[in-house]
Amino acid sequence: MNRSPAEPIRRRLLAWFRREKRRLPWRGTRDPYRIWVSEVMLQQTTVAAVSRRYDAFLRRFPDLDSLARAREDSVLAAWSGLGYYARARNLRRAAREIRRRHGGVVPRDPEALRRLPGFGDYMAAAVPSLAYGLRLPAADANVTRVVSRLFAIGGIAGSKTHRAAVLESCRRLLPPRRPGDLTAALMDLGQTICTARAPECGRCPLVELCAARRQGRPEAFPTRAAKPKMRRIAVAAAFVEQRGRALLVRREGSFLAGMWEFPCGPARDGDRRAARERLSRALAPLGLRRGSVPIASVRHTVVRRRLEIEVFAGYGEVRRAPGAAAARWFTSRQLDRAAIPTLTRKVARSAGFL
């Protein structure tokens, strides 16, 4: 591995960060609860999307105690639209454990944090580093990319050996005071300049110190594992409206458990006929049937799946039958504040309900 001296890198990077750091809602606080919430939101979600939702979530749950006391439905509703809802469930579960086992104070100890729901190695290092000033290396995808290029660290991103090499390089870079600033600077550099594709090396404050740049191939670092192919899923969904209210059912037994969605039938390999048949079977216990022609169509991508949704009008008198899914009527205003995934919101808009 080609190593650059830590001090010049640290000095240039922090000087750049003081000039160029982005104004973000979670910047400027040392409150471990607020930093933790931001880090959880930023997992698998863009900075722009989190920036729009962060303050609203904290208005609803301004401190750890309010989150720990909240019902799961309320937390999921506040999280609605951010996706990956296991994050919200783990956030609430961890808050309850912190209140019970740590007196309501987010622990400083990384080992104690790792025992909490939703805390992996990165989160257990990032929160105490940013909140408490502990000198702990934390490498998300952006930091991993920057450091891999800076020191020309070979190997596949995410592998044990590559991760260890990146963390050791980060550890050498951390200053004794305010180490979280250097971690935040690496994050900003990765998000704005040292991007995965077409990095803007001409704007980089570390361009003269970057080993990958000297080799003339910055985009070769780190090596990325091959992504699994996208799966095409056909979905038929029913929009049932009566007296200005739409019928939704509660999702069970999946990563969207507890969320509300329109009655639907999914089918693999884009098999629309199978999806329509499954929708008809899902509607039958509720005393409903679907129309023969779609009234709208929606596309949605989630977790390596490309969903192609046909929306049908649903008809009939709703009844509650043994074994039928939990069902509830929502006005458009209630639906806008409910625990619904982005796909449900898209279907509602396609039907002119939101």
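The values are calculated or read from the model by the stated rules, or taken from the named source; none is laboratory data. Quick caveat, the model's predicted, so the values are computed rather than measured. Quick reminder, even Gly has a Cβ in these numbers, built from the backbone with ideal geometry, and neighbours come from all protein chains shown.
If the condition is being under 18 Å from PRO110 (Cα atoms), part of a helix (DSSP H, G or I) and of a type outside the set (S, T, N, Q), then the stretch 23-52 contributes PRO32, TYR33, ARG34, ILE35, TRP36, VAL37, GLU39, VAL40. For the stretch 267-276, state whether one or more residues are within 26 Å of ASP336 (Cα to Cα), at pLDDT below 95 and not hydroxyl-bearing (Ser, Thr, Tyr). No, because not a single residue in the stretch 267-276 is within 26 Å of ASP336 (Cα to Cα), at pLDDT below 95 and not hydroxyl-bearing (Ser, Thr, Tyr). If you go through the stretch 86-128 and keep only what is in contact (Cβ under 8 Å) with a residue 24 or more places away in the chain, within 22 Å of LEU167 (Cα to Cα) and more than 21 Å from the chain's Cα centre (by Cα), you end up with ARG108, PRO110. The criterion of at least 2 residues that are buried (at least 20 other Cβ atoms within 10 Å of the Cβ) is met, among strands (runs of 3 or more DSSP E) falling completely within the stretch 246-354, by 264-268, 288-290, 305-316.
Of everything listed in (1) at negative phi; (2) modelled with pLDDT under 95, the single unmet condition for ALA198 is (1). Total residues in the stretch 80-108 satisfying the condition of being surrounded by 15 or more Cβ atoms within 10 Å (Cβ to Cβ) and part of a helix (DSSP H, G or I): the figure is 12. Take the conditions (1) farther than 28 Å from ALA257 by Cα; (2) buried (at least 19 other Cβ atoms within 10 Å of the Cβ); (3) touching a residue at least 40 places away in the same chain (Cβ under 8 Å); ALA77 misses just one of them, which is (1). Would you confirm, using the coordinates I've provided, whether ALA95 is farther than 20 Å from ALA338 by Cα, in the same structural domain as ARG108 (by TED's automatic domain parsing) and touching a Leu at 6+ places or on another chain (Cβ under 6 Å)? So ALA95 passes the test. ALA139 meets the conditions (1) outside any loop (DSSP other than H, G, I, E, B); (2) buried (at least 22 other Cβ atoms within 10 Å of the Cβ) in every case but one. The failed one is (1).
Checked against (1) out of contact with any Ser or Thr (no Cβ under 6 Å at 6 or more places or on another chain); (2) in the same structural domain as ALA296 (by TED's automatic domain parsing), GLY216 passes all but a single condition, namely (2). All but one of (1) out of contact with any Phe, Trp or Tyr (no Cβ under 9 Å at 6 or more places or on another chain); (2) closer than 18 Å to THR46 by Cα; (3) charged (D, E, K, R) hold for GLU168, so report the exception by its number. With (1) out of contact with any Phe, Trp or Tyr (no Cβ under 9 Å at 6 or more places or on another chain); (2) closer than 18 Å to THR46 by Cα; (3) charged (D, E, K, R) applied to GLU168, the lone miss is (2).
In contact with a Lys or Arg (Cβ under 6 Å, 6 or more places away or on another chain) and buried (at least 23 other Cβ atoms within 10 Å of the Cβ): does that describe PRO117? Judged against the criteria, PRO117 is not a match. Residue under question is THR195, and the condition is that it be assigned to a helix (DSSP H, G or I) and either under 24 Å from GLU219 (Cβ atoms) or touching a residue at least 60 places away in the same chain (Cβ under 8 Å) (or both); does it hold? The answer is no for THR195.
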